[in-house]
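Reviewing the structure listed below.
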Amino acid sequence: MPDLFSRIEQLKKERNAVILAHFYQDPDIQDVADFMGDSLALAQYAKKTDADVILFCGVHFMCETAKILNPNKTVILPDLDAGCSLADSAPPEKFRNWLKHYPNHTVISYINCSAEIKAMSDIICTSSNAEKIINSLPKDEKIIFAPDRFLGSFLSKKIGREMVLWDGSCQVHEIFSERELIKMKVRHPNAEVLAHPECQENILQHADVIGSTTALINHATSSSNDIFIIVTEPGVIHQMKKISPLKTYLTAPNQEGCSCNECPHMRLNTLEKMVSALETLEPQIKMSEELRLKALKPLERMLSLS
Ligand code: 13P
Ligand code: SF4
């Protein structure tokens, strides 16, 4: 393991590379990253870095976003198969045809979608700026929200605005069990429940705090409470423990009864694959300039509002 860490450091210097990682990555990857963040912070960082190479430890749509913002940089990811069930739940052709039923609507797409979906959108949002983005639109503007129906319906109720929702979801967040969560709350009455808004409504109704990965980490580490039930991918607990090691972080069980909600896509990335990506500069994210420019517009609109 120490060999892999030092090899990554060496290759990083040789390539003038920067390593970006999402909080759902394995702890080892988090520890070797130059910058960690939620989807918004990662996009913002990717836009301003002056490295020649971005090694993006996350999933495909995140790396694609970095490429859209940095056409002249080499953007590589450890494993090209690291996709996202939520992004996959909106196939471009189906989405294009569906949009035809809703003329005169503004399309807000959650960043967890492909470049093709971004290109069909008017504005992008993440879990940390979605409310602000929606509220930036005039009250009478008709809105489509895609692809996450749970996040969409959570926002719609919170803001008090009707939106047409695409029927997509995240396979990690939709399988938390309400029954098991209630049992856990009974066993740990002092625990605060911290949930990601990609969870279903029946789960979110039990949450004390609902927010992006960064918001949940910030809350857990700054709260005067010392015990938490974490209802998102458990990768966030590594950062929580690093900042506040004496607190207790319990992982919420899923419908199979186990606390094993690791994202199978995020977890495809490994230190070995990072070494290989830095050595070969593959796999790379590539796309046509036409698609990139179309996807860039709604992303820039989001960044200017964030
Ligand atoms: P955030 O880190 O932006 O909260 O997103 C979570 C997520 O599901 C990423 O795939
Ligand atoms: Fe996609 Fe869900 Fe994994 Fe996030 S946790 S990358 S939304 S499948």
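The values are calculated or read from the model by the stated rules, or taken from the named source; none is laboratory data. A quick note: this is a predicted structure, and the numbers were derived from the prediction, not measured. Positions of Cβ are generated from backbone atoms using ideal geometry, with glycine treated the same way; all protein chains shown enter the neighbour counts. Each accessible area value is taken on the protein alone, full model and side chains, heavy atoms only, with ligands, DNA and RNA left out. Shrake-Rupley method; radii C 1.70, N 1.55, O 1.52, S 1.80 Å.
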Discussion item. Take the conditions touching a residue at least 40 places away in the same chain (Cβ under 8 Å) and in contact with a strand residue (DSSP E or B) (Cβ under 7 Å, 6 or more places away or on another chain) and apply them to I143. Does it pass?
Written reply: no
Practice prompt. Return the total of residues in the range 151-174 being among the polar types (S, T, N, Q) and either open to solvent by less than 20 Å² (accessible area, probe 1.4 Å) or touching a Lys or Arg at 6+ places or on another chain (Cβ under 8 Å) (or both).
Written response: 1
Worksheet entry | Matching residues in the range 72-102 - criterion: being touching a Lys or Arg at 6+ places or on another chain (Cβ under 6 Å) and away from ligand 2 (no atom under 16 Å from the Cβ) | V75
Worksheet item: How many residues are open to solvent by less than 20 Å² (accessible area, probe 1.4 Å) and either within 15 Å of ligand 2 (Cβ to nearest atom) or among the acidic types (D, E) (or both) if we restrict to the range 103-117?
Response: 6
Worksheet item: Considering the range 184-205 alone, what residues qualify as being in a loop (DSSP other than H, G, I, E, B) and either within 16 Å of ligand 1 (Cβ to nearest atom) or within 22 Å of the chain's Cα centre (by Cα) (or both)?
Response: H196, P197, E198, C199, Q200, Q205
Worksheet item: Which one of these does S259 not meet: (1) within 16 Å of ligand 2 (Cβ to nearest atom); (2) small (G, A, S); (3) crowded, with 21+ Cβ neighbours inside 10 Å?
Response: (3)
Worksheet entry | Hey, T248 farther than 23 Å from L305 by Cβ, open to solvent by 20 Å² or more (accessible area, probe 1.4 Å) and of a type in the set (S, T, Y) or not | yes
Discussion item. Given the condition under 13 Å from the mean Cα position of the chain (by Cα), at pLDDT 95 or above and open to solvent by 40 Å² or more (accessible area, probe 1.4 Å), answer yes or no: does some residue in the range 87-100 qualify?
Written reply: no
Fill in: Any hit, the range 48-58, residues being open to solvent by 10 Å² or more (accessible area, probe 1.4 Å), assigned to a helix (DSSP H, G or I), farther than 21 Å from P234 by Cβ and away from ligand 1 (no atom under 16 Å from the Cβ)
yes
Worksheet, complete the sentence: Given (1) without any contact (Cβ under 8 Å) to a residue 24 or more places away in the chain; (2) open to solvent by less than 20 Å² (accessible area, probe 1.4 Å), A195 misses just (1)
Discussion item. I need the full set of residues from the range 175-185 which are within 16 Å of ligand 2 (Cβ to nearest atom) and either in contact with a Leu (Cβ under 9 Å, 6 or more places away or on another chain) or open to solvent by less than 50 Å² (accessible area, probe 1.4 Å) (or both), in order please.
Written reply: F176
Worksheet entry | Residue satisfying all of: in the range 225-245; in contact (Cβ under 8 Å) with a residue 40 or more places away in the chain and surrounded by fewer than 22 Cβ atoms within 10 Å (Cβ to Cβ); farthest from G257 (Cα to Cα) among these | Q239
Fill in: Output for the range 165-188, where each listed residue is in contact (Cβ under 8 Å) with a residue 40 or more places away in the chain and touching a helix residue (DSSP H, G or I) at 6+ places or on another chain (Cβ under 9 Å)
W166, D167, G168, S169, C170, Q171, V172, H173, F176, S177, L181
Discussion item. Residue under question is G152, and the condition is that it be over 14 Å from P298 (Cα atoms) and within 13 Å of ligand 1 (Cβ to nearest atom); does it hold?
Written reply: no
Practice prompt. Scan the range 259-280 and report the pairs whose first residue is without any contact (Cβ under 8 Å) to a residue 40 or more places away in the chain and whose second residue is more than 10 Å from ligand 2 (Cβ to nearest atom) and among the hydrophobic types (A, V, I, L, M, F, W, C), with Cβ atoms within less than 8 Å and a gap of 6+ or a chain change.
Written response: S259/L250; S259/A252
Discussion item. Within the range 59-86, take every residue that is in a loop (DSSP other than H, G, I, E, B) and not hydrophobic (A, V, I, L, M, F, W, C) and give me the one that is most open to solvent (accessible area, probe 1.4 Å).
Written reply: N72
Worksheet item: If you scan the range 230-273, which residues turn out to be of a type in the set (A, V, I, L, M) and in contact with a Cys (Cβ under 7 Å, 6 or more places away or on another chain)?
Response: V231
